[in-house]
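Notes to accompany the following structure.
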Amino acid sequence: MNASRYIKFRFLIDVEELKELIAPLKLVDLSKVRESSGPYCDSKALVESYDEALLQMREGRSPTIRVPHFGLTVDDEAVYAHEVPGSRYLMRAKKPVIMLGPSYFLMGLDGKIVMDSHSEQQVFIGLQVAYPQIFKPQGSEEVVRIYNHPDYPNGNAFRNMAKWLRRHTKLISINQIQTEFRLSEKVAKWIGNYENRITHNWR
C-alpha cells in the first residue's frame, strides 16, 4: 500500500482501558490465512495476550508472550478478502487502516534506547497505533491527504483514538530521547515492578 507520513502513538495502558480504546473499531488480521471470507475477527487473541504481557510486567518480568498485530477500521470498504489456494482467504487493505501492534525497545551499549527494534534482545514496552497522512490509491496518480478526508473515515477514528489517549494517559520522557510515550494512571501504580533498565529512565 502506497501510504506515508504515519502519525504514531506509543503507550502502555490497562487491559480494560485497551478494550475501551478499541471498542468503536473492527479488528482485521492482515497477516494470517483464514477459513472464512469474513474480514473481521474478535479481540480475544489481542486482549488475552496483552493481559498476559501486563501480568508478567507487574511481576517484574520481561514479557515472553507475543502480542499480535492487527488492523483497525470503521470503514467496511477499506478491507477485502483475497482468496488463496485451498479455499482460504487472506485479508487485505485497499484503503489505509489503523495499525495496532506491540512496541519494543532495545538498550544500546551507549545507554540510549532504540525504539521498535527487532532483535532477540528486544523488550516489550507497550502498544503502538499508527495511521498515514498521505495515500496514493492503486491505479491513480493522485496523492490524497487522507487524515481529514471524508472518504477515509479511519482518519477520524484515529483522531478519536488520539483524543482518548491524551485524555487517559500522561506523556512521559524516556531516557531523554526524542520520542513520545504515554502511560495511564492505572499502569503507573505498578510500573516500578517492571525490573529492567528502562524503568530507571521513566519520569
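The values are calculated or read from the model by the stated rules, or taken from the named source; none is laboratory data. Quantities reported herein were computed from a predicted structural model and do not represent experimental measurements. Virtual Cβ from ideal backbone geometry, glycine too; neighbours counted across all protein chains shown.
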Q) Quick one: residue 47 ticks every box in (1) in a helix (DSSP H, G or I); (2) modelled with pLDDT under 95 bar one, so which box is it? A) (2)
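Please work out if residue 38 is touching a helix residue (DSSP H, G or I) at 6+ places or on another chain (Cβ under 9 Å) and surrounded by fewer than 16 Cβ atoms within 10 Å (Cβ to Cβ). Spell out the reasoning first.
Working: touching a helix residue (DSSP H, G or I) at 6+ places or on another chain (Cβ under 9 Å): no; surrounded by fewer than 16 Cβ atoms within 10 Å (Cβ to Cβ): yes.
So residue 38 fails the test.
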(Q) Filter the stretch 52-72 down to the residues that are loosely packed, with under 15 Cβ neighbours inside 10 Å, part of a helix (DSSP H, G or I) and of a type outside the set (A, V, I, L, M) and list them by number. (A) 58
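Scan the stretch 185-194 and give yes if some residue there is at pLDDT 90 or above, more than 30 Å from residue 61 (Cβ to Cβ) and buried (at least 16 other Cβ atoms within 10 Å of the Cβ), otherwise no.
Of all residues in the stretch 185-194, those at pLDDT 90 or above come to 185-187.
Pick out the ones that are also more than 30 Å from residue 61 (Cβ to Cβ) and you get none.
For the stretch 185-194, residues at pLDDT 90 or above, more than 30 Å from residue 61 (Cβ to Cβ) and buried (at least 16 other Cβ atoms within 10 Å of the Cβ): absent.
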Q | Failed criterion for residue 119 (all others in (1) at pLDDT 90 or above; (2) part of a loop (DSSP other than H, G, I, E, B) hold) | A | (1)
Q. Of these, 53, 45, which one is in contact with a Phe, Trp or Tyr (Cβ under 9 Å, 6 or more places away or on another chain) and touching a residue at least 40 places away in the same chain (Cβ under 8 Å)?
A. 53
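Within the stretch 81-104, track down each residue that is surrounded by 16 or more Cβ atoms within 10 Å (Cβ to Cβ), outside any loop (DSSP other than H, G, I, E, B) and either in contact (Cβ under 8 Å) with a residue 24 or more places away in the chain or among the polar types (S, T, N, Q) (or both). Break it down stepwise before answering.
At the first step, the residues of the stretch 81-104 found to be surrounded by 16 or more Cβ atoms within 10 Å (Cβ to Cβ) are 89, 91, 93, 95-104.
Then drop every residue that is not outside any loop (DSSP other than H, G, I, E, B), which leaves 89, 91, 93, 98-104.
Answer for the stretch 81-104, where residues must be surrounded by 16 or more Cβ atoms within 10 Å (Cβ to Cβ), outside any loop (DSSP other than H, G, I, E, B) and either in contact (Cβ under 8 Å) with a residue 24 or more places away in the chain or among the polar types (S, T, N, Q) (or both): 89, 91, 93, 98, 99, 100, 101, 102, 103.
Would you confirm whether any residue within the stretch 46-69 is closer than 27 Å to residue 144 by Cα and under 13 Å from the mean Cα position of the chain (by Cα)? Show your work before the answer.
Here is the first cut: in the stretch 46-69, the ones closer than 27 Å to residue 144 by Cα are 69.
If we keep only those that are under 13 Å from the mean Cα position of the chain (by Cα) as well, we get 69.
Yes: the stretch 46-69 contains one or more residues that are closer than 27 Å to residue 144 by Cα and under 13 Å from the mean Cα position of the chain (by Cα).
Can you pull out the residues in the stretch 34-43 that are more than 18 Å from residue 13 (Cβ to Cβ) and either within 21 Å of the chain's Cα centre (by Cα) or in a loop (DSSP other than H, G, I, E, B) (or both)? It would help to see each step written out before you state the result.
Filtering the stretch 34-43 for residues more than 18 Å from residue 13 (Cβ to Cβ) gives 34-42.
Those that are more than 18 Å from residue 13 (Cβ to Cβ) and either within 21 Å of the chain's Cα centre (by Cα) or in a loop (DSSP other than H, G, I, E, B) (or both): 35, 36, 37, 38, 39, 40, 41, 42.
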**Q.** Residue satisfying all of: in the stretch 169-184; modelled with pLDDT under 70 and surrounded by 16 or more Cβ atoms within 10 Å (Cβ to Cβ); nearest to the chain's Cα centre (by Cα) among these
**A.** 174
